[in-house]
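Reading through the structure tokens given below for one structure.
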Amino acid sequence: MIEITDRSKCNGCHACYSICPRSCIEKKADSEGFLYPRADKERCVECGLCSKVCPIENGKSRSESGTALGYAVMNNDEETRLKSSSGGVFTLIAKQIINSGGVVVGAAFADDFRSVHHIIIDSENEIEKLRGSKYVQSRISDTYKRTKQELEKGRKVLFTGTPCQIGGLLSYLGKPYDDLFTQDIVCHGVPSPMIWSDYVDIREKAAGSQTSNLSFRNKSTGWKSYSVSFEFSNGSNYMQRSLSDNYMKGFLKDIYLRPSCYSCAFKTKDRQSDITLADFWGIQTVMPEMDDNKGTSFVWIHSEKGRKLFEEIKPQVVFKPVEPDTALKFNVSAVKSVEVPQKRQYFFEARNNADLEKLISKLTKEKAGVRLTNFARKVKRKLSR
């Protein structure tokens, strides 16, 4: 029976929840809003599968693929690219799988935009639900189980998520599937779903209306200086650049990330996924001819399946090869965890009795003499897709 005694050793991947033959494991939120497994002792038969499947406990977080191929990529369809977080590559990969009769699994906002859940789609019209960054931890729910069911039917599946979610899926499946394609991202870390929900509440109270649409990466102010934008049912809207929006400031200062994100076992060049997608931060230095400030992706290929999938979308993109190590110099989140902020514990202790925005603003306030450009430089290095 799995018991979490060290929260930094659980990434919330849902592998243990998914594999339990008695369905006796629940996911319960702790005081910080993160989900952890909790087994029903009376129903548990001590089979041990929940412990065996844990990708962290059993050292299954790394593959032997090593650094492979890298490309700077932009979707030829500018409309799609502008709606995407970076270069619009995910949309093309998803379409390729769906048009071959497959399904795509990925993170989507709930109807009220207060949480993020993994869902399965099989239509091009639904791709927009999965498109775009969502800076809050997504709940896997039953999508590992449903992925296996689709694979057992002989159907292609593209599973997308954070590196730890890919690790959890592969550990749960326990064997390779020719029809499974996995795509992860360069992940900065996942913020608390509770804090995100509280923030949506703040924005809705200020607008006097419910959220009808939102984007973490609105490019109307440029790809490099993107904005957080909310649209509300009463026709009003909110938009602030990432360096000014309080939720993003707290995220980028690492204040309310999941404990496991500060010592992530999946930040490595040896990825388990077939393809990694990321913003190509630093493109203006490495390859300025591929930079128009509308979004350029770094596509990092780790397997033969990933290479073949990229070959299929090549006619629809502008691309140039790049050494992965060159691109990763500007996106250190791929291989390095952030440090635990000294202010993190204080934040969670104070949040119940404080105005959330004022608290975040206080804890992220720059010291005298520190210029905003230093923070902007840090964003470009750290922020994932």
field: Centroid-to-centroid separation of segment 276-330 and segment 66-112 [C-alpha atoms, Å]
entry: 13 Å
When the convex hull of its Cα atoms is projected in every direction, mean area for segment 244-329 (nm²): 7.6 nm²
- request: For a label point 7 Å from the Cα of A29 along Cα→C-beta, name the residues of segment 195-209 whose backbone N is under 14 Å from it.
  value: 195-202
Förster radius 41 Å - calculated FRET efficiency between R307 and N125 (Cβ-Cβ, nearest 0.05): 0.90
Inter-part distance where segment 11-55 and segment 117-132 are each reduced to a Cα centre, Å: 27 Å
- line: Ranking S233, F34, L363 by how far each Cα lies towards the positive end of the charge dipole of the chain (+1 on Lys and Arg Cβ, -1 on Asp and Glu Cβ), the top one is L363
task: Provide the packing ranking of 311-321, 100-110, 159-169, i.e. peptides ordered by the mean count of other C-beta atoms within 10 Å per residue, highest first.
output: 159-169, 100-110, 311-321
- request: Provide the gained length on full extension for the span K362 to E79, in nm with one decimal, where the gain is 0.36 nm per separating residue minus the Cα-Cα distance.
  value: 98.1 nm
- request: Kindly give Rg over Rh for segment 1-154, based on alpha-carbon atoms, with the Kirkwood expression for the hydrodynamic radius.
  value: 1.01
- prompt: In sequence order, what are the phi-derived ³J(HN,Hα) couplings for segment 103-110 according to the Karplus relation 6.51 cos²θ - 1.76 cosθ + 1.60 with θ = phi - 60°, rounded to whole Hz, with x for glycine and proline?
  reply: 10, 10, 10, x, 8, 9, 5, 5
query: So between L243 and S51, what do we pick up on full extension, going 0.36 nm a residue minus the alpha carbon distance?
result: 65.0 nm
message: Between K175 and N293, what is the label-point separation in nm under the 7 Å Cα-to-beta-carbon projection?
response: 5.4 nm
- request: Please go through the residue pairs K219/K362; K83/K343; K9/K253; K95/K145 and name each one whose alpha carbons sit more than 25 Å apart in this structure.
  value: K219/K362; K83/K343
- prompt: Can you give the extra length, in nm with one decimal, that the chain gains between V318 and E152 once fully stretched, where that is 0.36 nm per residue apart less the Cα-Cα distance?
  reply: 56.2 nm
- prompt: Hey, what's segment 62-184 come to in accessible area per residue, 1.4 Å probe, Å²?
  reply: 39 Å²
message: As an exercise, use a Förster radius of 22 Å and the Cβ-Cβ distance of K336 and S8 to find the FRET efficiency, rounded to the nearest 0.05.
response: 0.85
query: Rounded to the nearest 500, what is the chain's calculated 222 nm mean residue ellipticity when only DSSP H runs of at least 4 contribute -39500 (n - 2.57) each, over all residues?
result: -8000 deg cm²/dmol
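On the accessible surface of the chain, probed at 1.4 Å, how many percent belong to carbon and sulfur atoms?
45 percent
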message: Taking 35 Å as R0, compute the FRET efficiency from the Cβ-Cβ separation of K41 and A354 and round it to 0.05.
response: 0.40
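Just order 233-242, 179-188, 74-83 by mean Cβ neighbour count inside 10 Å, highest at the front, would you? Provide the component values of the computation, followed by the final result.
On the way: 233-242: 14.5, 179-188: 24.0, 74-83: 17.6.
With the highest mean Cβ count within 10 Å placed first, the list reads 179-188, 74-83, 233-242.
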field: Equivalent ellipsoid, the chain (semi-axes from 5 times Cα gyration tensor eigenvalues, Å)
entry: 29, 28, 20
query: Expressed as a rounded percentage, what relative contact order does the chain have, with Cα pairs under 8 Å and six or more residues apart?
result: 22 percent
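The values are calculated or read from the model by the stated rules, or taken from the named source; none is laboratory data. Note that the structure is a prediction, hence the values are computed from the model and not measured. All Cβ positions, glycine included, derive from the backbone under ideal geometry; neighbour counts span all protein chains shown. Ligands, DNA and RNA are stripped out before the accessible areas are found, and what is left, the full protein with its side chains, is counted by its heavy atoms. Shrake-Rupley method; radii C 1.70, N 1.55, O 1.52, S 1.80 Å.
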